[in-house]
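The values are calculated or read from the model by the stated rules, or taken from the named source; none is laboratory data. Just so it is clear, the model here is predicted, and its values are computed rather than measured. Here the Cβ positions follow ideal geometry from the backbone for every residue, glycine too, while neighbour counts run over all protein chains shown. Accessible surface is based on the protein model in full, side chains and every heavy atom, while ligands, DNA and RNA are left aside. Shrake-Rupley method; radii C 1.70, N 1.55, O 1.52, S 1.80 Å.
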Amino acid sequence: MSDFEIQISSVPDRENLVAEIWLGDNLICEVNNEGDRLEIEFFTDVVKKFDYLKFLRSLERAKSKLLMTEEE
């Protein structure tokens, strides 16, 4: 199973940066901080099984990277 990759991106429909979580060539979800809390939006139509702990760690890394980038 491939590892999740996290990319911090500036996307046109968001005011703030987002953390995208990719699995290979598939964008799985985006974590954003547009409001007063973090939100996650899923983009995949493909039914996949994810390792729970790997995905949870990816979400935590995405959150950390996103919040760290916003503080700079």
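When residues of the range 1-20 are filtered for being over 10 Å from Leu66 (Cα atoms), open to solvent by 30 Å² or more (accessible area, probe 1.4 Å) and either assigned to a strand (DSSP E or B) or of a type in the set (D, E, K, R) (or both), how many remain?
Adding up the residues that qualify gives 5.
Which members of the range 26-53 meet the condition of being among the β-branched types (Val, Ile, Thr) and either modelled with pLDDT under 85 or open to solvent by 100 Å² or more (accessible area, probe 1.4 Å) (or both)?
Thr44, Val46, Val47 - these are the residues of the range 26-53 that are among the β-branched types (Val, Ile, Thr) and either modelled with pLDDT under 85 or open to solvent by 100 Å² or more (accessible area, probe 1.4 Å) (or both).
Which ones in the range 19-53 are over 11 Å from the mean Cα position of the chain (by Cα), aliphatic (A, V, I, L, M) and farther than 13 Å from Asp3 by Cα?
Once the filter is applied, which keeps residues that are over 11 Å from the mean Cα position of the chain (by Cα), aliphatic (A, V, I, L, M) and farther than 13 Å from Asp3 by Cα, the range 19-53 yields Val46, Val47.
Quick one: count up the residues across the range 10-35 that are among the small types (Gly, Ala, Ser) and without any contact (Cβ under 8 Å) to a residue 12 or more places away in the chain.
Final tally of qualifying residues: 2.
Quick check on this structure: which one of Thr69, Thr44 is hydroxyl-bearing (Ser, Thr, Tyr), assigned to a loop (DSSP other than H, G, I, E, B) and at negative phi?
When all the criteria are applied, what remains is Thr44.
Here is a check on your reading of the model: is Leu56 modelled with pLDDT under 90, surrounded by fewer than 16 Cβ atoms within 10 Å (Cβ to Cβ), within 13 Å of the chain's Cα centre (by Cα) and part of a helix (DSSP H, G or I)?
Against the criterion (modelled with pLDDT under 90, surrounded by fewer than 16 Cβ atoms within 10 Å (Cβ to Cβ), within 13 Å of the chain's Cα centre (by Cα) and part of a helix (DSSP H, G or I)), Leu56 does not qualify.
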